[in-house]
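**Student:** Structure provided below as structure tokens; questions to follow.
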Amino acid sequence: MKLLAIVNGASAGGKTARRWPEIEQALRSAGVEFDAVFTEGPAHASELAVEALGSGREAIAACGGDGTLSEVVNGLIDERGGARAPGTLLAIIPSGTGGDFRKTLGINADPQAAAELIARGRSRSIDAGLIEYADESPPRRFINIASCGVGYEVDRRVNDLKFKPGRFAYGLVSVYSIIAYGSVPARVTVDGERTEGTFSSIALANGRCFGGGMQIAPKADPSDGLLDVILSSTSRTRSILGARHLYDGTHLDRPGSTMLRGTEIEIEPLGDSRMGFDVDGEALGFAPATITALPGVLDIIC
């Protein structure tokens, strides 16, 4: 097995580029045969992954953060939700800001530990998700979490910052977004069962964490063929005061949080409300949309 490492040197505020010699040495010392290519801008990792599959590459690693991983996944899975080259192995070389999805799989952030994991080559099949928008926006695949509502507002504001926020700054942006956005009426249909309400957030979770360690879906299993659907309908004040519970996953025990599970979810804002999507950390598209679980579509080294 010869690995292609798709490296986003700009991830973590450029830290990945500076760390690459250390990561490269870790891979070599673990005995991993690999080539490396560097991304040159947004969506380039997806293009590189598609090219690698076309050349018959058997294993592809995403080196960067959750955004890099998501782009690689969008290269491995086509717009209809099928694997472009079934059996191709996906690996994670963590070097980004958040690293939320690796936490679900128990992948160590240390480059040497990640390299040794790749060298062992043990893999498991995991799920992903597919978002199909009602407008003309192209479908989007996600590996970790897509959320609708406040998550979009947080992402939009974070991405507009001139610096990469730490946990404290991210928390301030989140509080401001909760105050500015509030909640909107919407209809959520999970495998045919409808729920109507006023929601600040609707999360579709394959993984457990987002936002740098918030356990929005602490019971999510990326191999169960289902997406966890977390509906949040708390007030602005209660959302802010209860935000700390997101970090240990106990928010699901509090009033205003509901968890459902399903394979096909439809989200439809009611009235003139707008609900934007945060897809694996990227502000991307608006509801109405249909989100579908893609069981076992990826084989990942973990």
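The values are calculated or read from the model by the stated rules, or taken from the named source; none is laboratory data. Computed from a prediction, not measured in an experiment: that's the story for all the values here. Cβ: placed from backbone, ideal geometry, glycine included. Neighbour counts: every protein chain shown. Note: accessible area is taken over every heavy atom of the protein model, side chains too, but ligands, DNA and RNA are not part of it. Shrake-Rupley method; radii C 1.70, N 1.55, O 1.52, S 1.80 Å.
**Student:** Confirm whether Leu270 is of a type in the set (A, V, I, L, M) and open to solvent by 30 Å² or more (accessible area, probe 1.4 Å). Break it down stepwise before answering.
**Tutor:** On the way: of a type in the set (A, V, I, L, M): yes; open to solvent by 30 Å² or more (accessible area, probe 1.4 Å): yes.
Here the answer is yes, as Leu270 does meet what is asked.
**Student:** What are the residue pairs meeting all of these: first residue in the range 74-88, first residue at positive phi, second residue among the β-branched types (Val, Ile, Thr) and surrounded by fewer than 17 Cβ atoms within 10 Å (Cβ to Cβ), Cβ atoms under 8 Å, and 6 or more apart or on different chains?
**Tutor:** Close Cβ pairs (under 8 Å, with a partner that is among the β-branched types (Val, Ile, Thr) and surrounded by fewer than 17 Cβ atoms within 10 Å (Cβ to Cβ)) do not exist here.
**Student:** With respect to Ile23, determine if the residue is within 18 Å of Ala119 (Cβ to Cβ), touching a helix residue (DSSP H, G or I) at 6+ places or on another chain (Cβ under 7 Å) and not in a helix (DSSP H, G or I). Please lay out each step first, then the result.
**Tutor:** On the way: within 18 Å of Ala119 (Cβ to Cβ): yes; touching a helix residue (DSSP H, G or I) at 6+ places or on another chain (Cβ under 7 Å): yes; not in a helix (DSSP H, G or I): no.
So Ile23 fails the test.
**Student:** Enumerate the pairs (first residue in the range 114-139 and among the acidic types (Asp, Glu); second residue anywhere and open to solvent by 60 Å² or more (accessible area, probe 1.4 Å)) with beta-carbon separation below 7 Å, excluding pairs fewer than 6 apart on the same chain, so at least 6 apart or on different chains.
**Tutor:** If the second residue must be open to solvent by 60 Å² or more (accessible area, probe 1.4 Å), the pairs left are Asp127/Pro295.
**Student:** Follow-up. Between residues in the range 89-103 that are over 15 Å from Trp20 (Cβ atoms) and residues that are modelled with pLDDT under 95 and assigned to a strand (DSSP E or B), which pairs lie under 6 Å by C-beta distance while being six or more apart or on different chains?
**Tutor:** Matching pairs, first to second residue: Asp100/Phe210; Arg102/Pro94.
**Student:** Let me ask something additional. Give the number of residues within the range 8-47 that are farther than 11 Å from Cys63 by Cα, open to solvent by less than 60 Å² (accessible area, probe 1.4 Å) and among the polar types (S, T, N, Q).
**Tutor:** 1
**Student:** Could you please find all residues in the range 46-63 being in contact with an Asp or Glu (Cβ under 8 Å, 6 or more places away or on another chain) and over 11 Å from Ala5 (Cβ atoms)? Let's see the steps before the verdict.
**Tutor:** First, the residues of the range 46-63 that are in contact with an Asp or Glu (Cβ under 8 Å, 6 or more places away or on another chain): 46, 49, 62.
Within the range 46-63, Ser46, Ala49 meet the criteria.
**Student:** In addition: Checking Lys103 against (1) more than 15 Å from the chain's Cα centre (by Cα); (2) within 26 Å of Ser29 (Cα to Cα); (3) surrounded by fewer than 24 Cβ atoms within 10 Å (Cβ to Cβ), which test does it fail?
**Tutor:** (1)
**Student:** Next question, about the same structure. What residue, among those in the range 162-206 that are at pLDDT below 65 and out of contact with any helix residue (DSSP H, G or I) (no Cβ under 8 Å at 6 or more places or on another chain), is surrounded by the fewest Cβ atoms within 10 Å (Cβ to Cβ)?
**Tutor:** Filtering the range 162-206 for residues that are at pLDDT below 65 and out of contact with any helix residue (DSSP H, G or I) (no Cβ under 8 Å at 6 or more places or on another chain), the one surrounded by the fewest Cβ atoms within 10 Å (Cβ to Cβ) comes out as Lys162.
The rows are residues; the columns are (1) assigned to a strand (DSSP E or B); (2) of a type in the set (A, V, I, L, M, F, W, C); (3) closer than 25 Å to Ala293 by Cα.
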| residue | (1), (2), (3) |
| --- | --- |
| Leu27 | no, yes, no |
| Asp35 | yes, no, no |
| Glu40 | no, no, no |
| Arg57 | no, no, no |
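**Student:** So Ala85 clears everything in (1) open to solvent by 10 Å² or more (accessible area, probe 1.4 Å); (2) of a type in the set (A, V, I, L, M); (3) more than 17 Å from Val50 (Cα to Cα); (4) not in a helix (DSSP H, G or I) except one condition, right? Which one?
**Tutor:** Single failed check for Ala85: (3).
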